[in-house]
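The values are calculated or read from the model by the stated rules, or taken from the named source; none is laboratory data. Owing to the predicted nature of the structure, the values given are computational and were not obtained by experimental measurement. Quick reminder, even Gly has a Cβ in these numbers, built from the backbone with ideal geometry, and neighbours come from all protein chains shown.
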Amino acid sequence: MDRVDGTEHYKGDVSQGPIPALLLIILDTNPHAWALLNRDLPLSEAIANLLVFINAHLAFHNANQVAVVASHCHRAVWLYPRPGSSSEGVDMAGGETPAINDANKYRPFAQIEDQLLTSLRDLIQTTTPDDVASTNTTQMAGALTLALAHINKATLAFSQQIGGTETTADHLGSSDDTSGLQSRILVLSVSGDLAHQYIPIMNTTFAAQRMRVPIDILKLAGDTVFLQQASDTTRGIYLQLRSPQGFLQYLMMAFLPDQTSRKLLVAPTQEVVDFRAACFCHRKVVDVGFVCSICLSIFCSVPEGAVCLTCSTHLSLGEYGSKPAVVPRKKKKRRKLNGGDDTPSRPGTPVPNK
Amino acid sequence: MSSSDEDYVADDSDDAGSHQVSSRHGTRSQGPVKGPAGTSTRGGDPNAGTRKRAAWEDIQRSWDTVVESADGSITAAVEKERNEKKRGRLLRDTTPLQRGIIRHLILVIDLSFAMQEKDLRPTRYLLTLRFAVEFVTEFFEQNPISQLGIIGMRDGIALRISDISGNPTEHIEHLRALREQEPKGNPSLQNALEMSRAALYHAPSHGTREVLIIYGALLSSDPGDIHDTIANLITERIRVSIIGLAAQVAICSELCKRTNSGDDGNYNVILDDVHFRELLLAKTTPPITQTKQQSQSSLLMMGFPSRVLDAGPIMSLCACHSKLTRGGYLCSRCDAKVCSLPAECPACGLTLILSTHLARSYHHLFPLKNWIEIPWPLASQSKSCFSCQTPFPKPPRTSSHLQVPDGKGKGREGVGTSSESGRYGCEVCGRHFCIDCDLFAHEVVHNCPGCQGDSRGNVQVRDRDVEMGGS
C-alpha cells in the first residue's frame, strides 16, 4: 500500500518469534478511595510497585508496549504516553529531568517512569477541592473507551507494519487469528459504585469481547459488579487484593502472563459471578426486576402508573400481580386478609390500619 | 458503491411474467425494489418520457474521480477516497427510533430446484445454508432475548426444519443436517407463510412477529389464493421481508409492501454473494416499530441470577435437563439450578437472563450521534486525536488547500465525506478525533471517548438522557 521504499526486510523480523503484547493499565485515581486505603497501601507505594510491573512487562519482549490511563474523579486522562508528548519528543529528551540521563537505568524504563510521574503530578495538581468534593466515583467508562481506542489504533498500526493489507473492517472480522498484536487491559480499581455508568461500561465490555481483548481486574478496595461482569465476559482475570502488602506479587504472579502463556497456566477464577443488574430508577442492584419491552429499562419495582420512566410508554402489566377473582362477600373481613400481600405498586388501595 | 443506482425502477412492470423466464443479471438492482406500483415515485411527473436511468448506465469508475495534486502524485486523492469510503460505511441515521427488541422471527429457506443453480459458488443451496448458520449466530448475538424458528420450502410444501426456540446450537445443528439433502421440487410461498403464521400464533404481543424469506425461485406453486394469506398476515401483524436470489417477483414485492404497512424497503434482490451476506446480516438489527398498534408494550418480570461455579468434587442435577453439572445459574426466585441462559425457570416459570443480554441491545436504542467534519478554520484548537493521541496534520499556512471545500458541501447528505483537516468532532463534547477512532467509536464501542472521559462540563448528563430527552 503505502510502502514503496525498500523496507521489506523488516518484515521477517517482526512476524517470527513470540508476538509482542500491548498492556494497557487503567489506574483508578479516585482520591476518596485512595484516602481510605492510605494506611495499608499509599498511592506512592502502589505506583512504585506498578512501575516494577511495567518494567517486567517491557523486559519480556523487545516490542512489548505499554500505555497507562488514569480514571480520575471527573475525567479520564492519559498518563503514558503523555498527550502532546509525541509531537514535542525532542524537548522531552532535552535533559530537563536528570532521571532520564541516569546511566544506571535502562532508558525506556526511565522514560516511562518520568512521564508517568510527571503526568500524575500534573493530574493531582489540577484537581481542585471542588472536583473532589462533588463526586465520589470515577470515570471508568471513559478510561475503558480511551483504552480500547488506543488498542484499536495500535492493532491497526501493527498489522500494517506486518501485512499491510488489512483495513479496519477486516481486522475486526478476522481478529481470531493469533498473528496480531496481543492486547490486554488491566484495571487497578479502588472505587466501589459505578452504577451510573452502566450502559457505557457494558458497551466497552462488548467491544472488548469483539476485539478479543481480555479485561483483567485487580480490585484493591470496594466491590464492583460491572467490572466483575466485564472480566467474565472478556475472559479476563478478576482478583480481590486480600493483603495490600503483597500488591506487587499479585501483579507479577497473576497478571504478567499474556494470552498465549495463559493457555498453559491455571489462571485464578471467580467462584461466583454476580450477574445482577442495576435498576434505572434508583440505581439499585436488583435480583428480580421488571423490564420494559420497548427500551429494556430495568426497574426494581413497577413504576408509578405503569409508565416507563425512560421512554414514557404506558406498559401493560401482563400476568404480574393479578389475583384470582374473588366473589365479594363480607367486604370488611376479606380486605383485611388480602391487604397484606398486595403489590407495593398500587399505593391507592385503601388498607384499613388497625 | 455509489448510491446513484438505487432508484432503478423496473420498466416492464406490466409484463411481470417475463421475469420468470430467466434470471437476467440486468434486472437486478441494489436498493429497495419498487413494486408494480413503484412507478408512483414519478406519478405526478407530467413528462413520463424521462425514464430513470438503469444501474449500469451510471457506473462511477474509481479512476475517473482521481485528481492529481500539484506535484503529480495521487496519494492525497487516494487517501481521501479511502477515508470517504470508510466514513460512508458508518454515516447512518442516528435518531433513536423505537425498535422491536424482543423478536420472534421465522427464517424461511427455499429448498426448491431453483437452489441448484450455480450462479453463487459453490451452489445457491450450499451458500445459503452457510450464510444461514452465520445469520443464526449473529441473530442471537444481537438479540439475545429473541426467538427464532426455521422453515423450508420443498416439493410444494412447507417443511419444519427447526422449532421456534432461543437456542442457537439447535438451529445450527438442524441447518448442518440439511446439507446432506438435495434441493428439489417447487417452492410454495403460501404454504410456508401459513406455517409461519401458525408458528407465530403464540408469540406474545409485546414482541415482534417477523418472517424472513430467502427466495431463490421465480415462481410459487400455491394451493389457494395467496392474497387471502397476505390479508391474514396483516391482521396478525406479521411482517415479511424477502431476500431474492434471482430477480424481482411481483408477488414478493406486494407481500413485503403490504405486510410492512406500505414500506417497500424489505424486499431486496442480491447482486452477488457479498451483497447477499450484507442483506442477510442487516436483518439481525432489530426492526423499527412503525405503528403504535404493532407493539403492545408490557412490563416483563425477569430474574437476574448469579452464576455458581462448583470448583469442588460436588455435582448437582440441573432442573432443566436433569443432568449432572458442576456450574450453573440459580434462579433468583426459587433457587432451582439451570445450566444455560437465557432460559425460563423450570420450577417457577420466571424468565431468567443475564443483564449482559439486555445490555447488548442498548446501543440499538441509544445510538451514538454522528460526528461532524471539522474544516480548517476550526482545526487549530486540537493537535492530536483525543482518544488515541495520533497527531493531526498541521493547518496549512497558505490558502492553497482551499480547493477541497466545493466537494464538501454536497456530501453532507448521504455518502460520507472525509474531513479536509483529518479531524472529526463530537457535537456534544466538542473534542476532535481521527478517522480510525470515529469508525471505532461508532461501529464497535458505541461510546464517545470525549463525553465519557470528562463529566465536568455536563455533570450527570449522560448519553441516554440526552437522547431520550430529544424524543
Residue in the stretch A:298-316 that is over 21 Å from B:Pro305 (Cα atoms) and at pLDDT below 65 present: no
Residues (part of a loop (DSSP other than H, G, I, E, B), at the interface with another protein chain (Cβ under 9 Å from one of its Cβ atoms) and either surrounded by fewer than 19 Cβ atoms within 10 Å (Cβ to Cβ) or of a type in the set (Val, Ile, Thr) (or both)) located in the stretch B:351-396: B:Ile353, B:Lys383, B:Thr390
Enumeration of residues in the stretch A:260-283 that are away from chain B (no Cβ under 12 Å) and within 27 Å of B:Gly328 (Cβ to Cβ): A:Arg262, A:Lys263, A:Leu265, A:Ala267
Those residues of the stretch B:411-443 which are at pLDDT below 80 and part of a helix (DSSP H, G or I), in sequence order: B:Gly411, B:Arg412, B:Glu443
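Kindly provide the set of residues from the stretch B:200-230 that are touching a Lys or Arg at 6+ places or on another chain (Cβ under 8 Å) and more than 21 Å from B:Tyr125 (Cβ to Cβ), ordered by number.
Within the stretch B:200-230, B:Leu200, B:Ala203, B:Gly207, B:Thr208, B:Arg209, B:Glu210, B:Thr229, B:Ile230 meet the criteria.
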